Amino acid sequence: MPLALQASEWPRFPSSCRLASRVCRYDGPHLRTSRRFTITPRGTPADVEMEGAKWTCRWDFHPELNRADAVDLELSFELVRGPSPESSVGLELIWDNWSTRDYVLLPGAAYNGNRFESRPIKYPPLLSDPKDMGVNAPTVITDIPRLNIHNGPSKIQLIAGDVATAAMGFQSPENGSGFWLLTNPVTPLGDVGLTVEENDSRTRVTFAVVAPCVREDWRYYAMSTAHKSEDRGQDFETGDRVQLRFHLHFFQCSEIQDLFDRFREIRKDISGSGKLVQQLPFSAAWRILEEKYNRENWKEAGGYFRVGDSDSPYDDWQVGWESGMLATHPLIFEGSSLSRQRALRNFDFLFEKGTGKSGFFHGIIYKGEIYGDGFGRPHTRNWHLIRKSADTLGSLIRQYMLLDRQEPGWTIPEPWAKGTLACADAFVRLWKRHGQFGQFVDVDTGDILVGGSCCGSPAPAGLALASEYFHLREYLDVAEQSAESYYTKFVRKGITTGGPGEILQCPDQESAYALLESFVVLYEITGHSRWLDMAAQLANQFATWIIPYDYPFPANTTFGRLDMRSAGAIIANAQNKHGSPGVCTHSGVALFKLYRATRDRFFLDLIRETAHNLPQYLSRADRPVGNMPPGWMNERVEINDWNEPKGEIFHGSCWCEVSLMFTCIEIPGLYVQPDTGLVCAFDHLDATVEELGEKSLRVRVTNPTKFPATVKLLVEDSHDMRKPLGENALWNCRKIDVLAGSSVPLTFKRG
């Protein structure tokens with residue numbers, strides 16, 4: 001522990017910032033009394049009395065190693081005379097000279113403070129008021145915690161599990177400054193609470209951390225609407241002590257991007273990293289998933305793989321977003337002859353029955369009937385979530401490229417080519433007509449019904465790949481124009497919104513990752529470095545959605561009993577506040593490609609966290625997750641009380657099964673650079689360098705699991721990283737077999 005700062009070394013906080021520790025009393029979720037004591041360089045400890053109880057607070061500042069613009073603050077509270085029932089303790093930072101132009105960020109929960117129009121619509125929410133719709137529709141979110149763009153109270157109250165890590169920050173364009181606060185997400189009192197509150201005139205803001213978390217009054221949020229809080233304070237007795245720790249960063253921050261760039265450096269500073277536990281190799285996970293997909297997802301009467309397990313339109317044929325023409329890709333890449341045959345039948349179904357008059361694909365087909373993407377609302381029969389066709393366009397081209405490699409001389413069937421070109425042409429027409437792709441379009445006319453958002457962010461990748469495959473320059477032109485527009489309108493503003501179809505236009509990670517993949521695809525196809533720069537910026541923003549630490553799930557919960565690790569799970573969106581196993585519905589390979597292009601190890605570590613995290617959530621015969629059958633994965637990693645209790649899931653098979661299948665075919669199990677000695681195991685393996693000699697690199701690969709592993713290898717020297725990885729890069733790659741509980745030596749030539 002570094003020495004405490006002397007008074008002469010008092011941190012140079014901005015003059016507009018005041019620090020205070022506080023003690024509060026509650027009646028249920030209602031604030032009853034609060035007392036504050038100002039934190040100054042001298043005068044520690046401080047005493048305060050509240051309703052017959054006496055508290056003492058001590059504080060110590062310590063220099064943050066290697067950071068002149070950051071400090072470590074420790075707050076210690078002791079109840080010297082009690083009792084103090086239903087109470088909390090905490091820290092406040094009060095900022096004067098505040099403005100609504102200041103950008104507020106709570107990772108995975110609030111982007112620009114969620115300062116958007118809001119509608120209290122029950123789940124699944126969908127717009128119906130004409131003033132919220134149309135090409136130039138405003139950004140509209142559900143009734144989630146947010147700073148108010150109108151008059152009245154403006155306050156965000158969250159439990160630490162609502163955010164990817166317990167942090168709050170902002171960027172001020174007025175003076176080019178930035179701020180981050182990090183703390184421990186969990187204390188012996190339970191989860192901490194995070195609050196951002198503006199005064200009525202919006203000239204002052206308070207950032208507060210309290211333990212335990214008490215979300216006041218009607219501030220508890222679940223699904224898409226607010227509910228009455230059931231939080232309670234702690235009953236303290238004489239002699240009880242609480243210690244809280246904070247990292248405070250005050251730094252130059254001329255752009256919103258600078259706020260994200262600083263966060264990527266500090267996101268694990270207090271919470272620490274998660275532990276990688278070797279449990280189930282990718283190849284073993286693949287066998288379970290493939291068997292399950294053929295057993296449960298195949299619908300012989302229709303000739304396609306259905307999405308889920310229930311008899312409903314939303315678990316049947318969906319063309320993109322969750323499954324459909326996405327799931328076919330890994331089954332063609334890695335599957336048995338039966339899996340491949342069935343996957344190819346999906347193409348026939350799609351192009352015979354799944355294309356709308358506009359060229360976009362129908363989102364849902366159930367028992368031969370076409371459904372809109374509006375959850376059965378009467379006015380949404382022709383509504384199409386544009387992300388579904390955008391997902392599908394890129395996926396189709398990648399699969400055609402794969403079939404070209406697998407079967408020399410293979411020729412794309414005419415109906416497939418015609419339908420794919422019709423979809424690409426529909427995107428071109430949409431762009432030329434409106435200069436955007438919108439969120440919902442009319443599947444018959446191609447007109448935008450609800451504009452805005454990043455819902456169509458997979459489209460630039462799909463169009464660029466279509467341009468390469470069909471040799472049509474116009475597709476690439478629109479891909480570049482639309483990607484540039486997304487960067488200017490969204491990335492530069494630190495917001496990506498509306499990827500899922502049931503969150504209105506809340507900020508989300510799915511649209512962020514899809515746009516990241518579009519930037520990377522454009523870089524690999526064009527070689528222009530500007531796409532790489534955009535991708536790196538967006539990847540730093542995407543990192544704010546990823547949980548970096550292992551949440552201590554209660555021991556009596558499903559996840560607690562299975563020793564689940566949350567590090568690498570990804571917060572779904574600002575509405576659906578659960579972690580998820582992986583990216584919906586991708587492997588995250590764009591992060592690996594970005595690492596190769598930039599040599600920035602941060603991106604390699606990110607994809608390792610997310611890829612390695614996935615297999616533990618797969619239910620198996622020898623290790624069922626809840627009461628789910630083998631091969632099922634559920635989308636929930638609950639580190640809060642948003643819907644299911646912490647550490648619990650609902651009984652349901654979800655899209656993350658497809659994400660894991662993609663991981664098995666797109667992320668190498670073992671990555672090796674012989675010339676640098678870099679060895680990175682993404683799979684559930686241990687890989688150690690035994691000798692880095694002048695002419696060879698010797699590595700030992702150990703499989704500590706109880707499953708035999710067939711491991712895909714990607715071996716290249718560092719100068720090879722300049723070459724684009726492209727699509728289906730691991731097809732026909734080198735593989736090694738490692739028996740359960742055994743190890744194998746590998747030797748790689750150097751130079």
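From the set of residues in region 304-319 that are under 26 Å from the mean Cα position of the chain (by Cα) and part of a loop (DSSP other than H, G, I, E, B), which is modelled with the lowest pLDDT?
Among those that are under 26 Å from the mean Cα position of the chain (by Cα) and part of a loop (DSSP other than H, G, I, E, B), it is Asp309.
Between a first residue in region 348-361 that is among the basic types (Lys, Arg) and a second residue that is part of a loop (DSSP other than H, G, I, E, B), which pairs have beta carbons less than 7 Å apart while being 6 or more apart in sequence or on different chains?
Lys357/Asp444
If I go through region 538-573 residue by residue, how many of them are within 18 Å of the chain's Cα centre (by Cα), more than 24 Å from Met223 (Cα to Cα) and among the small types (Gly, Ala, Ser)?
Going through region 538-573 one residue at a time, the tally reaches 1.
Can you go through Leu678, Leu697 and tell me which one is crowded, with 23+ Cβ neighbours inside 10 Å, among the hydrophobic types (A, V, I, L, M, F, W, C) and farther than 24 Å from His586 by Cα?
Step by step, each of Leu678, Leu697 is checked, and only Leu697 is crowded, with 23+ Cβ neighbours inside 10 Å, among the hydrophobic types (A, V, I, L, M, F, W, C) and farther than 24 Å from His586 by Cα.
For the subset of region 155-174 comprising residues that are touching an Asp or Glu at 6+ places or on another chain (Cβ under 8 Å) and not in a strand (DSSP E or B), which member is farthest from His249 (Cα to Cα)?
The residue in question is Gly161.
Check off (1) within 30 Å of Asp235 (Cα to Cα); (2) touching a Ser or Thr at 6+ places or on another chain (Cβ under 7 Å) for Ala167 and give me the number that stays unchecked.
Of the numbered conditions (1) within 30 Å of Asp235 (Cα to Cα); (2) touching a Ser or Thr at 6+ places or on another chain (Cβ under 7 Å), the odd one out for Ala167 is (2).
What are the residues in region 237-284 that are assigned to a loop (DSSP other than H, G, I, E, B), in contact with a Leu (Cβ under 8 Å, 6 or more places away or on another chain) and surrounded by fewer than 17 Cβ atoms within 10 Å (Cβ to Cβ), if any?
Glu237, Thr238, Gly239
Regarding region 273-290, can at least one residue be identified that is closer than 30 Å to Ser177 by Cβ, free of Cβ contacts under 8 Å to residues at least 60 places away in the same chain and within 23 Å of the chain's Cα centre (by Cα)?
no
For region 18-45, which positions are surrounded by 14 or more Cβ atoms within 10 Å (Cβ to Cβ) and more than 18 Å from Glu74 (Cα to Cα)?
Within region 18-45, Cys24, Arg25, Tyr26, Gly28, Pro29, Leu31, Arg32, Ser34, Arg35 qualify.
Take region 413-443 and flag every residue that is in contact with a Ser or Thr (Cβ under 8 Å, 6 or more places away or on another chain) and farther than 30 Å from Val140 by Cα.
Gly419, Ala422
Could you list, in sequence order, all residues of region 285-328 that are surrounded by 24 or more Cβ atoms within 10 Å (Cβ to Cβ) and over 19 Å from Phe347 (Cα atoms)?
Answer for region 285-328, where residues must be surrounded by 24 or more Cβ atoms within 10 Å (Cβ to Cβ) and over 19 Å from Phe347 (Cα atoms): Ala285, Leu289.
Being in a strand (DSSP E or B) and either touching a Pro at 6+ places or on another chain (Cβ under 8 Å) or of a type in the set (Phe, Trp, Tyr) (or both) is the filter; apply it to region 198-224 and report the residue that is nearest to Asp261 (Cα to Cα).
Once the filter is applied, the top-ranked residue is Phe207.
Do we have any residue at all in region 17-27 that's in contact with a Gly (Cβ under 7 Å, 6 or more places away or on another chain), aromatic (Phe, Trp, Tyr) and over 30 Å from Ile266 (Cα atoms)?
Yes; the residues of region 17-27 include at least one that is in contact with a Gly (Cβ under 7 Å, 6 or more places away or on another chain), aromatic (Phe, Trp, Tyr) and over 30 Å from Ile266 (Cα atoms).
Determine which single condition His434 fails, assuming it passes every other condition in (1) buried (at least 17 other Cβ atoms within 10 Å of the Cβ); (2) under 30 Å from the mean Cα position of the chain (by Cα); (3) within 20 Å of Tyr475 (Cα to Cα).
(1) is the only condition that His434 fails.
For region 620-651, give me each residue that is within 30 Å of Gln157 (Cβ to Cβ), aromatic (Phe, Trp, Tyr) and buried (at least 20 other Cβ atoms within 10 Å of the Cβ).
Across region 620-651, the qualifying residue is only Trp642.
Name the single residue, out of those in region 675-705 being of a type outside the set (Asp, Glu) and touching a helix residue (DSSP H, G or I) at 6+ places or on another chain (Cβ under 9 Å), that is farthest from Ser336 (Cα to Cα).
The extreme case among them is Thr676.
Would you call Val478 surrounded by 19 or more Cβ atoms within 10 Å (Cβ to Cβ), touching a Leu at 6+ places or on another chain (Cβ under 6 Å) and not assigned by TED's automatic domain parsing to the domain that holds Asn184?
Yes, satisfied.
Tyr513: among the hydroxyl-bearing types (Ser, Thr, Tyr), assigned to a helix (DSSP H, G or I), at pLDDT 95 or above and not assigned by TED's automatic domain parsing to the domain that holds Pro185, yes or no?
So Tyr513 fits the description; yes.
Would you mention how many residues in region 735-746 are surrounded by 14 or more Cβ atoms within 10 Å (Cβ to Cβ) and either closer than 23 Å to Gln406 by Cα or hydroxyl-bearing (Ser, Thr, Tyr) (or both)?
Count: 3.
Search region 584-602 for residues that are within 12 Å of Ala539 (Cα to Cα) and pair each with any residue that is among the basic types (Lys, Arg) when their beta-carbon atoms are under 7 Å apart and the residues are at least 6 apart or on different chains.
Note: pairs meeting the criteria are Phe602/Arg264.
Collect the residues in region 320-334 that are under 16 Å from Gly631 (Cα atoms), assigned to a loop (DSSP other than H, G, I, E, B) and hydrophobic (A, V, I, L, M, F, W, C), keeping them in residue-number order.
Within region 320-334, just Ala327 meets the criteria.
Quick test of your reading of the structure: Leu31 fulfils all but one of (1) at pLDDT below 85; (2) assigned to a strand (DSSP E or B); (3) among the aliphatic types (A, V, I, L, M). Name the failing condition by number.
Against the list (1) at pLDDT below 85; (2) assigned to a strand (DSSP E or B); (3) among the aliphatic types (A, V, I, L, M), Leu31 comes up short only on (1).
The values are calculated or read from the model by the stated rules, or taken from the named source; none is laboratory data. Please read all numbers here as calculations on a predicted model, not as lab measurements. Counting neighbours? That spans all protein chains shown, and the Cβs are built from the backbone with ideal geometry, glycine included.
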